[in-house]
Amino acid sequence: MKFLKLFLLFFLFHNTFSQNKKVCFSIDDLPVVSYGNNDPDFNLQLTDKLMDGLKKYQVPAIGFVNEGKMYDSIGAVISYQGECLEKWISARMDLGNHTLRHKDYNTTEFKLYTDQILEGEEITKNLLYLFGKEIKYFRHPFLHVGATKERVDSLDLFLAMYGYTVAPVTIDNDDYLFANSYQKAINKADKVLAVKIGEEYIRYMEAKLLYYEKQSRALISRNISQILLIHASLLNADYVEKLAEMYAKNGYQFITMDEALEDSAYQTPITKFGKYGISWIDRWALSAGKKGEFFKGDPETPQYIADLSNQKD
Ligand SMILES: [Zn+2]
């Protein structure tokens, strides 16, 4: 009887604990990270697959758009690019601004950078409007928010003036290195290698998740509502289902960006600035004076993935 009670207690505790885990999936560089593949079918099918995987696990994701990819040389919207973006809206996903052409705030003058924020919102804004929604979130390319307090503050002020909220990231990772290697394997029709990379990717992403859970508990004494960053690549289209499955297996519920930002952790002050593009958990930790030791154990990208990604075709 005592055993049963203990078991029930454990079960209750375990369940409550698991149900508190929450993650928002944010997906950058829309419409598609195509590695130069301009075949409309490739882009459309990739987007369909990504949407299907997200819908299967009821993941209310947000995609961040680089509208500069959507215009042809005379400034008209490329029709399949527009269709890709419509698929996101039709699948009930949210969309945000990731600047027109993915400029780096560390090396771009303020006026040009902010012009590209406004020029980069037109298509997305109109599309959201048709579905009764408004554009709300901004994601900095490379997660470069400004290397000094002045640069950060002036951009934050600009964003607030135009109704934008910054979309932070807590689970930062090198998914783009895996995605580049994966696309190369697919281009060479090397299915064995592609599957190997895909499986390695899920293991790596689980290690990253566990690492940032640990960092969150160490810094904030609990596992906060996490925000994952991935990109709109073929790898993620093919593996988003497995990725969501892995998160679900770890006890996660999928939430929107609005819901994630309700977590008071996102009010943690940031007082240290640099040229880096890092997780917000790392920014808070640096601001709290944490040093090298605290950041130990961050999973690294396997060397062969980095090498494959760097290889010339
Ligand atoms: Zn990006």
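Within region 92-110, residues that are β-branched (Val, Ile, Thr) and within 12 Å of the ligand (Cβ to nearest atom) have Cβ atoms under 6 Å from residues that are modelled with pLDDT of 95 or more and not in a loop (DSSP other than H, G, I, E, B) in these pairs: 99/116; 99/117; 99/141, counting only partners at least 6 apart in sequence or on another chain. Do we find that residue 154 is out of contact with any Ser or Thr (no Cβ under 8 Å at 6 or more places or on another chain), away from the ligand (no atom under 16 Å from the Cβ) and outside any helix (DSSP H, G or I) in this structure? Spelling it out, it is not the case that residue 154 is out of contact with any Ser or Thr (no Cβ under 8 Å at 6 or more places or on another chain), away from the ligand (no atom under 16 Å from the Cβ) and outside any helix (DSSP H, G or I).
The lone criterion from (1) within 16 Å of the ligand (Cβ to nearest atom); (2) more than 28 Å from residue 200 (Cα to Cα) left unmet by residue 144 is number (2). Residue pairs whose Cβ atoms lie under 7 Å apart, sitting 6 or more positions apart in sequence or on different chains, and linking a residue in region 271-288 that is polar (S, T, N, Q) to a partner that is part of a helix (DSSP H, G or I), are 271/287; 279/212. Among residues of region 130-141 being more than 16 Å from the ligand (Cβ to nearest atom) and assigned to a loop (DSSP other than H, G, I, E, B), the one that is nearest to residue 87 (Cα to Cα) is 131. For region 180-201, the criterion of being within 16 Å of the ligand (Cβ to nearest atom), assigned to a loop (DSSP other than H, G, I, E, B), on the phi < 0 side of the Ramachandran plot and at pLDDT 95 or above is met by no residue.
Only a single item in (1) in contact with a Lys or Arg (Cβ under 7 Å, 6 or more places away or on another chain); (2) crowded, with 17+ Cβ neighbours inside 10 Å is not met by residue 305, and it is number (1).
The values are calculated or read from the model by the stated rules, or taken from the named source; none is laboratory data. Just so you know, these numbers come straight off a predicted model, no measurement behind them. Quick reminder, even Gly has a Cβ in these numbers, built from the backbone with ideal geometry, and neighbours come from all protein chains shown.
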